[in-house]
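To keep things clear, I will list the structure first and then write my remarks on it.
The values are calculated or read from the model by the stated rules, or taken from the named source; none is laboratory data. Every value quoted in this text rests on a predicted model; they were computed, and no experiment measured them. Glycine also receives a Cβ, built like all others from the backbone with ideal geometry; neighbour counts cover every protein chain displayed. When the accessible area is computed, the model is the full protein with side chains, heavy atoms only, and any ligands, DNA or RNA have been set aside. Shrake-Rupley method; radii C 1.70, N 1.55, O 1.52, S 1.80 Å.
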Amino acid sequence: MRILLGLCMAGLALVIVLGTSLDRLEPWFLSLGLQPDGYLAQGMFELVATLLIVPPLLGLFHAVGTLGTDRGEVDAAGRIILRHRAGARRLHVGLCAALVALFCAGAYFLTDPGDLVLRLISTLCAAGFFVAAYIIWSARILYDDTMVMVPRFCRAPRRLEWRDLSAVEWIAAQKHFELTFTQGRKITISSSYAGVHDLIALARRMVIENARTARS
């Protein structure tokens, strides 16, 4: 993670140096038949800046997201509680907090009467990201060998019995597991939950046991 952080800082520093030295690169642009302030030259600079910053930044986000223990917690009743990994939880909440501050600043500084719609949109976006941060921070999955409970926004957690489970599927595009129960009921469980693989292992055993019971 330190290497990725160093690469991000080095890339950012190099982009700043290049951005402040474009006048020195003018002869090189002219030798290529490009205007230093033209669209093509600006596009080349933006492409280089993206390649220098975005890949190590994405790698850093991924590394931070995997920090923390990969095990669930056991409550007094012997049930297992899963939360998002500490790194992923803090990273997403931090990003949401930054966006809340950004949209709040936008709503504060848009004082022109003609900007009323933009102020309203900024306020709604700030409220939305605030709610998203709360959901990510407080999300919990609870399960034992008989049932699983998953969180629902503004509603009581949804409880489903393992005996009704019929299929478990990994959805690679969304990076979550989809559990299908009888009567078409489905729940999704993100791979960012610490201890999720123990839960999925139990779920797959239950699918096999339920199939055997149905055949008998």
Original post:
What about residue 134, is it within 30 Å of residue 179 (Cβ to Cβ) and either in contact (Cβ under 8 Å) with a residue 24 or more places away in the chain or among the aliphatic types (A, V, I, L, M) (or both)?
Top reply: no
**OP:** Filter the range 77-90 down to residues that are at pLDDT 90 or above and of a type in the set (A, V, I, L, M, F, W, C) and give me whichever is surrounded by the fewest Cβ atoms within 10 Å (Cβ to Cβ).
**Re:** 81
Original post:
Out of all the residues in the range 91-107, which are open to solvent by 60 Å² or more (accessible area, probe 1.4 Å) and at pLDDT below 85?
Top reply: 92
Subject >> Which numbered condition residue 180 misses (of (1) farther than 25 Å from residue 131 by Cα; (2) open to solvent by 60 Å² or more (accessible area, probe 1.4 Å); (3) among the polar types (S, T, N, Q)) >> reply: (2)
Original post:
Does residue 165 satisfy being closer than 23 Å to residue 181 by Cβ, in contact (Cβ under 8 Å) with a residue 40 or more places away in the chain, crowded, with 18+ Cβ neighbours inside 10 Å and of a type in the set (A, V, I, L, M)?
Top reply: yes
